[in-house]
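Right, one structure below, let's go through it.
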Amino acid sequence: MASTLTEYLNSQQELEEEAARALPYSFSHCTHPLGYIRQAVYLCITCASQRGICSSCSIACHTDHEQLELFPKRHFRCDCPTSALAHPCSLHKAPEAPNDENAYGQNFWRKFCRCGRPYDAKSERETMIQCLACEDWYHESCLNLRARPPSRHPSQEPSNGDDEVAEVEQDDTSCSDASSSGLPLPLITAEDYDTLVCRSCVSKIPILQAWAGTPGIAMVVREDPNSSWNVLGALPRDESVVEPSQEAESDIPTASVEAPHPEETHILTRSLSGDDSSSSSNTDAVQGKKRTLPTPPSIGGPSAKRSRTFGPSSQKLCQAPAPNSFAQTVFAQDGARTLGEGDIFLSGDWRERWCLCDSCLPRLQEHPYLLKEDETYEPPEDPDSGLSLEELGLRALERIPRDRALDGIRAFNSMRDDLKNYLRPFAQEGREVAEVDVRRFFEARVEAARVGQK
C-alpha cells in the first residue's frame, strides 16, 4: 500500500509511543542479587531447561529465544546466572550456584491446570484463572464454570469487528471474563468474585476448607451427578455479608449452567495428568486468555488500600461461620468428584472478613497472602522510554568522544545528501518510491564502501 512520507513518520511515532507504554521499565539489571522475591517469571523454551528467568533477562539475555510467560511466582530467584542454565547471563556475569529454594511446578514443563495440558495461545479457547495459593492456572471447564467446549482445535480468526476480545488491563482480577472465544457466559463471572483457590490448595489449608461454601467463599457444586452445577455461598451483588450469628445453612442457589454430558463429567473432574492444555493470553475464537490476580502493590511502592494490622488479637470469641455441611460433603468425596471439585471463589473484601480470634489468626498467618496482598517486584522505570529514536540518537552522540561524534555527523550528512539526489527524479516525475528502490540505494552505498576499503 502506498503511503506518503508524512504518514510513514506518523506511524513510526505511534509505534514509538506504543513501545514506551508497553515497556516503560529499565531491563538492565538481573534480579538474582535481590534474592527470593515474588516476580514475573519466564520459561525459556529454547534453552530447554525447566528453570525460570526474570523479566530483565528475558529481554536482555534471551532476546531471540522462544519464551513462555509464567506470570508472577512467589519466593523465586532468577536462574539465568546460575549453572542450571547453559546460556550465559549478560547482566549478572558472575556464575552462581543453582537456586535450591525455587519451586519448579508443572508450569515449568509447560503444563497447566489439573488436566495438565500444555498451553498454546493460538488454539486455547477458554479463559484460564490463576490460583491465589499455588499460582497455577485453571480452565473454566475444569473448574465447572462451564461445560467443556466441543473442540480445543485452533479456531479461525474472527472477522473484523466480530467477537473482539477486550484487552486485559494490568489491574484486572483473576476472574473469568464474560465470554471465552464466543462461548456462553461462565457460571461465575468476573464481577462475582475476586480470586480463586484450587481444591488442591484448599485441602492443604484447613481454615479455607472450614469456611468453604459460606457467604463470600463460593463453590461450584451440584446435588447429584445428574443435576446442574450451582453456586454455593455466592455473595450478593451489593457485597453485603450475613453476620455469622445470623447465618443459616444456605441452600444451593439457583444460578446454574447446563450440566455436562456424563462422558464430559469425567473430563471436568479428572486429576492432574494428561496433556493438551494451556495458560496465558486472551480468549476469543482465537486465543485462550489468562486473568491475572489483582495487581498488588509493587515492592517499594505505595499500598493500594489501607493495610490491616494483624498483631496479637484481643478478640476472644470466635466469629467464624459454622461450616457448611454440603461443602464438607464435597470435600469428603472419594474417587470421582461428582458433586464438585472443591475449588473456592473468594468475593469482595474477603481479607477484611476473616475471624481474627486467638484460634483463627495463627492459622491465617501461616499463609500471609490470605491476610495481605503479596508485594510483587517491578523493574525500575526507564527514563528514556518516552524518547523518540531521534532523541535517543542525539543523546548517544553526546556520550561519545567529540571526534567520533563529528565523524558520525559527517557520515550522516553525506548519506542524507546522496539520498536526496537519489529521490529527486522520483519527485520530478511523480513516481512512487517502492521498497525495492530504497533497498537498491542502501545496497549501492554498502557496495561503494566495500570498494573504497580495497
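The values are calculated or read from the model by the stated rules, or taken from the named source; none is laboratory data. Since this is a predicted model, take the numbers as computed values, not measurements. All Cβ positions, even for glycine, are placed from backbone atoms using ideal geometry, and neighbour counts span all protein chains on display. Only protein heavy atoms, including side chains, enter the accessible area calculation; ligands, DNA and RNA are left aside. Shrake-Rupley method; radii C 1.70, N 1.55, O 1.52, S 1.80 Å.
Each of GLN67 and LEU15 was given a label point 7 Å from its Cα along the Cα-to-Cβ line. The distance between the two points is 2.1 nm. Cross-linked pairs LYS73/LYS372; LYS316/LYS372; LYS73/LYS316: Cα-Cα separations exceed 24 Å for LYS73/LYS316.
Only protein atoms count toward the accessible area here, which uses a 1.4 Å probe; on region 23-114, the carbon and sulfur part of that area reaches 54 percent.
Count Lys and Arg as plus one, Asp and Glu as minus one, and take only other residues whose Cβ is under 15 Å from that of TYR422; the net charge is then -1. Once the Cα-Cα distance is subtracted from the 0.36 nm per residue extended length, the PHE426 to ALA449 segment shows a gain of 5.8 nm. Note on THR6 and ALA332: the model spin-label points, each 7 Å out from Cα along the C-beta direction, lie 7.8 nm apart.
Net charge of the neighbourhood of ARG440, taken over other residues with C-beta under 13 Å away and scored Lys/Arg +1, Asp/Glu -1, is -3. Each peptide in 411-423, 341-353 receives the mean, over its residues, of other Cβ atoms within 10 Å, and ordering these scores from highest gives 341-353, 411-423.
Taking Cβ atoms as reference points and 11 Å as the exclusive limit, the residues near GLN333 contribute a net charge of 0, counting Lys and Arg as +1 and Asp and Glu as -1.
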